[in-house]
Amino acid sequence: MHSFRYVKGQLQCEGVALASLAEKHGTPLFVYSQATLTDHYSKLDRALAPLDHLICFAMKSNSNIAVIRTLANLGSGFDTVSAGEIQRVVDAGGDARKCVFAGVGKTEEEIAYALRQEIYSFNVESEAELKRISKVAVRLRRIAPVAVRVNPNVDAGTHAKITTGTYENKFGIAFEQIEGVYARAAKLPNLRLRGLQMHIGSQLTDVKPFQLAVEKVVPLVDRLNRKHGFDFFSVGGGIGIVYRDALASGDPAWWLTKEGKKVLTPQTYADKLVPLLKPLGLKILLEPGRFLTGNAGALLTRVEFIKKTGKKNFVIVDAAMNDLIRPAFYDSFHEIVPLKKKAGATVSSDVVGPICESGDYFAKDRPLAKVGEGDHLALLSAGAYGSVMGSNYNSRPLAAEVLVNGTKSAVVRRRQEIADIWENEQTAPWQ
């Protein structure tokens, strides 16, 4: 469920008309719903209630500090992949002691920073990394909590660029090698073997891959726990969201069935996994990102031109691939709707941005309400891997971001000024 819906023909986020936000703050503009963030976190938290658990939000999906603060206030931990992300958590009022630190290329400086912040655990991706963490911990005279990331070699059946759990991926250590890795890690100084972690991929809309991976890894966790005395097992993230018919998913009844398909809800997920995990007697960590933020956000954009070529109807908008790269990067689908509901027949359209790349598009041959210059559109399900993956390509400023709470709204990132783009650049002395 989410909080974007038409009310009297006007698309709203909670109690705020999106057209009013576009008028006030300009476009491109990301809009986030605090109610949706809260709802999704709470549903997952309740579903996992039979377990001692910690939800660690994968903040790579959306690292705006207002989003972080919203989740921190609910008790969330954080899945981080850089020292910068840990610092964002701290600056936003989150607890570094509820942070796990993942990623395949942690530097010595990042490891030292994380140790000083007393993070919950490092999710370790290689034996070389274990040795580096040990070396830094010895130098700082600290004990480093670690969990090795096991690669269970389970195909999640998702997009090739977001699968992470097979031996073709750069992440984790092969299932068959894990026990030997832990035996060697136990001999390294200043390490605390605190648990085991896995993550098989993103945007999974079927519970079966999660179930298969957990069934395979739980016996391994049990054996390692008996030898090393674990505190936790992290099952990673990856719960998918609705992208197609996203507007309809704001209806609570929609989650039950849609076109005859069951939807993966937190309760469906928990019903399969809780019975497998509870006998371990360990704290269970979960690292959702997209599930919490994806349908909590929309990207608003203004139609600049309509261009007809005889074969195509191009709707040229002011947002671009530098604002939301998912369609160009993954061929991803985002539902596109007008802020003011329109009646009448749809027009097959390509929705494209102004960047000088053929890949700068949001939709191709998409049935779209007939729109004209000056109309505004919303790209739904843009709360995850949207603004956070933004760039200044073509010297375009980063979009502004707004958080909505009921009938209130606030800018939570101001629109970047053009001159700010090159503020850290300078000419060479001889020029």
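The values are calculated or read from the model by the stated rules, or taken from the named source; none is laboratory data. None of these values were measured; they are calculated from a predicted model. Neighbour counts are summed over all protein chains in view; Cβ atoms, including those assigned to glycine, are modelled from backbone coordinates with ideal geometry.
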Region 44-62, residues that are of a type in the set (G, A, S) and either assigned to a strand (DSSP E or B) or under 17 Å from the mean Cα position of the chain (by Cα) (or both): A58, S61
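Go through L196, L247 for me and flag whichever is more than 30 Å from S134 (Cα to Cα), buried (at least 16 other Cβ atoms within 10 Å of the Cβ) and in contact (Cβ under 8 Å) with a residue 40 or more places away in the chain. Spell out how you get there, then give the answer.
Numbers: L196 fails: more than 30 Å from S134 (Cα to Cα).
Just a single option satisfies the conditions, and that option is L247.
Rundown of residues vs (1) closer than 15 Å to A66 by Cβ; (2) in contact with a helix residue (DSSP H, G or I) (Cβ under 7 Å, 6 or more places away or on another chain); (3) at pLDDT below 95; (4) not in a strand (DSSP E or B), yes/no style:
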site	(1), (2), (3), (4)
S391	no, no, no, yes
P397	no, yes, no, yes
S409	yes, yes, no, no
R415	no, no, no, yes
D420	no, no, no, yes
E425	no, no, no, yes
A428	no, no, no, yes
Candidate set: region 309-359, residues that are of a type in the set (D, E) and assigned to a loop (DSSP other than H, G, I, E, B); chosen: the one nearest to N295 (Cα to Cα): E335
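Can L193 be described as of a type in the set (A, V, I, L, M, F, W, C) and in a helix (DSSP H, G or I)? Show your work before the answer.
Working: of a type in the set (A, V, I, L, M, F, W, C): yes; in a helix (DSSP H, G or I): no.
No, not satisfied.
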Boolean, A114 is crowded, with 23+ Cβ neighbours inside 10 Å, assigned to a helix (DSSP H, G or I) and touching a Leu at 6+ places or on another chain (Cβ under 7 Å): no
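Here is a check on your reading of the model: is L300 in the same structural domain as T205 (by TED's automatic domain parsing) and touching a residue at least 40 places away in the same chain (Cβ under 8 Å)?
On the way: in the same structural domain as T205 (by TED's automatic domain parsing): no; touching a residue at least 40 places away in the same chain (Cβ under 8 Å): yes.
No.
Step by step: first the residues of region 270-299, then only those that are assigned to a loop (DSSP other than H, G, I, E, B) and either over 23 Å from the mean Cα position of the chain (by Cα) or not charged (D, E, K, R) (or both), then the one that is farthest from N64 (Cα to Cα). Which residue is that? Walk me through how you get there before you give the answer.
First pass over region 270-299, keeping only residues assigned to a loop (DSSP other than H, G, I, E, B): 281-282, 287-289.
Right, trim to either over 23 Å from the mean Cα position of the chain (by Cα) or not charged (D, E, K, R) (or both) and you get 281-282, 288-289.
On the way: G281: 35, L282: 31, P288: 16, G289: 13 Å.
Once the filter is applied, the top-ranked residue is G281.
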All positions within region 334-353 that are on the phi < 0 side of the Ramachandran plot and surrounded by fewer than 16 Cβ atoms within 10 Å (Cβ to Cβ): K341, K342, A343, A345, T346, V347, S348
Output for Cβ contacts, cut-off 7 Å, separation at least six or different chains, first residue exposed (fewer than 10 other Cβ atoms within 10 Å of the Cβ) in region 407-428, second β-branched (V, I, T), reads T407/V16
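How many of the residues making up region 193-252 are among the β-branched types (V, I, T) and more than 22 Å from the chain's Cα centre (by Cα)?
3
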V31: passes all of (1) more than 22 Å from V404 (Cβ to Cβ); (2) in a strand (DSSP E or B) but (1)
